[in-house]
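Everything on this sheet refers to the single structure shown next.
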Amino acid sequence: MKKVRKVISTLITAVLFIALLGVGFIVISSKASGGQPSVFGYQLKTVLSGSMEPGIQTGSIIAVKPGGDASRYKKGDVITFKSGEKLITHRIQKVNGSGNSLSYTTKGDNNNAADPDKVLPGNVVAEYTGFTVPYIGYGMDYAQSKKGTMILMIVPGVLLLLYSIWTITKAIREIDVKKEKSSTPPVN
């Protein structure tokens, strides 16, 4: 029974420590890349509208590849672009003009009409890679908020600290019990 407790104790410590490191890595990498988590050159974006359903569900995270020639896109490509202060991911319906007069007409797959404004190549941030994970975006959106970052950094850290205090206290009690047994003279 003691070995089982020790294995469980070690497992809990490892899980809490890995969770703390993982959250720390995500937070630091997202802050270093301007607020967007980046993995192997791909940025992870949260989709918070249903405009691209059913292909990209609301609350999903998607991987996009930033950079490159923003004038290379063709009809059918899914791009992420700036529209005011928002980032939007929609499909290109039409490529308008060429050279300096190039623009894209975009539309969400689930929308009835094309977007009212044309997208200039300078506003294209990235291209959608086809990778999506449903529902995780809600958690990532919360994690990027100040409150979410604090909770996701503090809770695993506090749990690890409390667990360490409990383990140390338990070890000290065991040492005290062993000292008492060894210092008590045997009764004859």
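The values are calculated or read from the model by the stated rules, or taken from the named source; none is laboratory data. Here the structure is a predicted model, which is why all the values come from computation and not from measurement. Counting neighbours? That spans all protein chains shown, and the Cβs are built from the backbone with ideal geometry, glycine included.
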Out of (1) in contact with an Asp or Glu (Cβ under 6 Å, 6 or more places away or on another chain); (2) among the hydroxyl-bearing types (Ser, Thr, Tyr); (3) at pLDDT below 90, the odd one out for Thr106 is which? (3)
Unmet requirement for Asp117, which otherwise passes all of (1) assigned to a helix (DSSP H, G or I); (2) surrounded by fewer than 16 Cβ atoms within 10 Å (Cβ to Cβ); (3) not aliphatic (A, V, I, L, M): (1)
Can you name the number of the only condition in (1) outside any strand (DSSP E or B); (2) within 19 Å of the chain's Cα centre (by Cα); (3) touching a residue at least 60 places away in the same chain (Cβ under 8 Å) that Tyr142 fails? (3)
Cross-chain or 6+ apart pairs with Cβ under 9 Å, the range 77-94 first and farther than 16 Å from Tyr128 by Cβ and surrounded by fewer than 21 Cβ atoms within 10 Å (Cβ to Cβ), then of a type in the set (S, T, N, Q) and at pLDDT 90 or above: Lys94/Thr105; Lys94/Thr106
Among the residues in the range 126-138, are any surrounded by 13 or more Cβ atoms within 10 Å (Cβ to Cβ) and either touching a helix residue (DSSP H, G or I) at 6+ places or on another chain (Cβ under 8 Å) or free of Cβ contacts under 8 Å to residues at least 60 places away in the same chain (or both)? no
